[in-house]
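The block underneath contains the structure these notes are about, expressed in structure tokens.
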Amino acid sequence: MELNIPNHVAIIMDGNGRWAQNRNYKRTKGHQMGAKVLKKISEYAFNKKVKVLSVFAFSTENWKRSKEEVDYIMNLFVSIFKENYESMKKIGVRVVFSGLRSKLSDKVLKLIDKMTLETKDNKNGIFNICINYGGQDEIVEATKKIASKVKEGIIDVNDINKEMYNDYMFNDLPPIDLMIRTSGEYRISNFMLWQMAYSELYFTDTLWPDFDEKEFDLALESFNKRDRRYGGVKK
């Protein structure tokens, strides 16, 4: 049976640290393996004709971790994500970033701007990397922008609607159809709250470094068994 491929897939890539600790490695080893899995899964997702892929790379809450771990993740972003970026560039996928620029190093920001600029005209999909990201922060920032426009008289308060909010998010992306979370946790952890309003949620016990193409296909198969009514009644 041919699968119905979700337009927008989002992934909370959880379990890197536990994967490493289970093998008596440092937590950083788990992040290294997780980055390699991301490259493999992102390529696979776009080959399956997913149009938008969003991934939770680093949350606003992750700064609470040890300086060693945070520094490693940021350096990993610069090195490993470069490889992922080249792969996306080759297949014509546009790379965008969602999140707050504050706290990110100049080295990371420079790479973000380079990736965004060099892929802005690509049409074969969108790879949305969420770094220093929080769903509540995204909504607050959008509200500030809209409020500023209202104050300036550019927007009438009565014209504010859901569609307008999309224009003021970090990126104007379609609704998430399928959200995948690995590692056995059953929560969405402040991830893309606005875009996830009618998302189908898929949770797996598999730790992110062990997540592979077969696991991705299982998520797609689960998605295809869902009855998506968006609050209506199926006739």
Point to revise | All-pairs Cα distance distribution in the stretch 26-72, expressed in whole percent, bin size 5 Å | key: 5, 17, 23, 21, 14, 11, 7, 2
Exercise for review: Please give the FRET efficiency for residue 151 paired with residue 63, using the beta carbon to beta carbon distance and R0 = 41 Å, rounded to the nearest 0.05.
Suggested key: 0.85
Review point. Among 197-208, 126-137, 65-76, what's the highest-first ranking by average C-beta atoms within 10 angstrom per residue?
Key: 126-137, 197-208, 65-76
Revision key, fill the gap. Using eta = 0.890 mPa s and T = 25 °C, Stokes-Einstein with Kirkwood Rh from Cα pairs puts D for the stretch 61-140, in µm² s⁻¹, at 183
Review point. At residue 187 and residue 226, where each label point lies 7 Å from the Cα along Cα→Cβ, what is the point-to-point distance in nanometres?
Key: 2.1
Practice item. Would you kindly derive the ³J(HN,Hα) couplings of the stretch 150-164 from the backbone phi angles with the Karplus curve 6.51 cos²θ - 1.76 cosθ + 1.60 (θ = phi - 60°), listing them in order in whole Hz, with x for Gly and Pro? Key: 5, 4, 7, x, 7, 10, 7, 4, 6, 8, 5, 8, 5, 5, 4
**Study point:** (1) 57, 45, 36; (2) 42, 41, 34; (3) 58, 51, 34, with the label sought being that of the calculated Cα extents along the principal axes in Å
**Key:** (3)
Check your understanding: By the scheme Lys and Arg +1, Asp and Glu -1, what is the net charge of all other residues having a beta-carbon under 11 Å from that of residue 187?
Key -> -1
Practice item. Kindly write out, for the stretch 195-209 in residue order, the coupling ³J(HN,Hα) from the Karplus curve 6.51 cos²θ - 1.76 cosθ + 1.60 (θ = phi - 60°), rounded to whole Hz, with x marking Gly and Pro. Key: 6, 9, 3, 10, 6, 7, 9, 10, 10, 9, 6, 4, 6, 3, x
Practice item. Mind checking the full-extension length gain between residue 25 and residue 213? Use 0.36 nm per residue of separation minus the Cα-Cα distance, one decimal, nm. Key: 65.2 nm
Revision key, fill the gap. Here the tail fraction of P(r) beyond 17 Å, over all Cα-Cα pairs of the stretch 155-194, rounds in percent to 47
Exercise for review: Provide the three semi-axes, in whole Å and in decreasing order, of the ellipsoid equivalent to the stretch 67-114 as defined by the square roots of 5 times the Cα gyration tensor eigenvalues.
Suggested key: 21, 13, 8
Point to revise | residue 40 accessible area, assembled protein chains, probe 1.4 Å, Å² | key: 80
Practice item. At 7 Å along the Cα-to-beta-carbon direction for both residue 70 and residue 5, put a label point, then send me their distance in nm to one decimal. Key: 3.9
Check your understanding: Of 101, 18, which has the most accessible area with a 1.4 Å probe, and how do the rest follow in descending order?
Key -> 101, 18
Practice item. Name the long-range amide H neighbours of residue 13: under 5 Å, sequence gap of 5 or more, or other chain; modelled H, no Pro or chain starts. Key: 56
Practice item. Using only the Cα atoms of the stretch 1-102, construct the convex hull and provide its projected area averaged over every direction, in square nanometres to one decimal. Key: 7.8
Check your understanding: Which value in deg cm²/dmol, rounded to the nearest 500, describes the helix-derived mean residue ellipticity at 222 nm for the chain, given -39,500 (n - 2.57) per DSSP H run of n ≥ 4 and division by the residue count?
Key -> -14000 deg cm²/dmol
Revision key, fill the gap. Taking r as the C-beta separation of residue 48 and residue 159 and R0 as 45 Å, the FRET efficiency to the nearest 0.05 is 0.70
**Study point:** the chain, relative contact order in percent, only Cα pairs under 8 angstrom and at least six apart counted
**Key:** 27
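The values are calculated or read from the model by the stated rules, or taken from the named source; none is laboratory data. For clarity, every value in this text was computed on a predicted model and none was experimentally measured. Cβ coordinates were reconstructed from backbone atoms using ideal geometry, including for glycine residues, and neighbour counts include every protein chain displayed. Each accessible area value is taken on the protein alone, full model and side chains, heavy atoms only, with ligands, DNA and RNA left out. Shrake-Rupley method; radii C 1.70, N 1.55, O 1.52, S 1.80 Å.
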